[in-house]
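The values are calculated or read from the model by the stated rules, or taken from the named source; none is laboratory data. Fair warning: this is a prediction, and the values are worked out from it, not measured in the lab. A quick note on method: Cβ atoms are made from the backbone with ideal geometry, for glycine too, and the neighbour counts reach across all protein chains shown. Side chains are part of the model used for accessible areas, which takes the heavy atoms of the whole protein and leaves out ligands, DNA and RNA. Shrake-Rupley method; radii C 1.70, N 1.55, O 1.52, S 1.80 Å.
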Amino acid sequence: MVHLARRGDLRQAVGMRRLVLVADLSLDGFLDPDGSESDDHELERYRSRVLAKAGVIVREDSGADAVLGLKAQGGDQELAPVVALGEPTYLQELTRLGLVDEFRITVHPVVLGDGERLFVVRERMHVITSRYFADGSVAHAYVPERAYRDRPPPYPWALAGAEGPDEHDDDAEAEDATQRPPPG
């Protein structure tokens, strides 16, 4: 079993498998448990594509040690990402420990007024894609600055192949990933 140490040690302990955190937020920044219940078919297809790209989907019963072990798989190979879903305290723990390599956040046009926040520590993010949906929701993909600095675009996991994404790719990131500005 991998033992979690200080936040700074975690990045050195992991291999090439990325952890992608998927969450729904309200306009005022609270985790939205009902955000996943959208009538927007395009948004549902987008979510399905994001989850279909996962090698493993982990939930709160996995714990941070198990997530770190999954991330360490693969060595120098780029394996399918691990996708984290779950309750606020679990998602907050993953962000606090610096385990998340990419955030897939859908912001819904609703104000909750209070609730649980996703982020519990300050961290600078770089947006790598944004997608707008008919119901007013916006899906953003963010990379923490530490991951952006270590692996600048184009991101190998965003490319669907040498020819780019196919016509059925509802999450066509390849064309976006190659047009990102340098950090800073």
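Structural remarks
- Selected residue (criterion: modelled with the lowest pLDDT) from residues of the stretch 9-57 that are of a type in the set (S, T, N, Q) and out of contact with any Ser or Thr (no Cβ under 7 Å at 6 or more places or on another chain): GLN12
- Scanning the stretch 69-84 for residues that are modelled with pLDDT of 80 or more, buried (at least 17 other Cβ atoms within 10 Å of the Cβ) and in a loop (DSSP other than H, G, I, E, B) gives a single hit, PRO81.
- Remark: pairs (first residue in the stretch 44-61, without any contact (Cβ under 8 Å) to a residue 40 or more places away in the chain; second residue open to solvent by less than 70 Å² (accessible area, probe 1.4 Å) and assigned to a helix (DSSP H, G or I); Cβ separation under 6 Å; 6+ apart in sequence or on different chains) = VAL56/LEU70; VAL58/VAL67; GLU60/TYR90.
- Pairs where the first residue, in the stretch 112-127, is in contact (Cβ under 8 Å) with a residue 12 or more places away in the chain and the second is open to solvent by 70 Å² or more (accessible area, probe 1.4 Å) and of a type in the set (Lys, Arg), C-beta under 7 Å, 6+ apart: VAL120/ARG96; VAL121/ARG96
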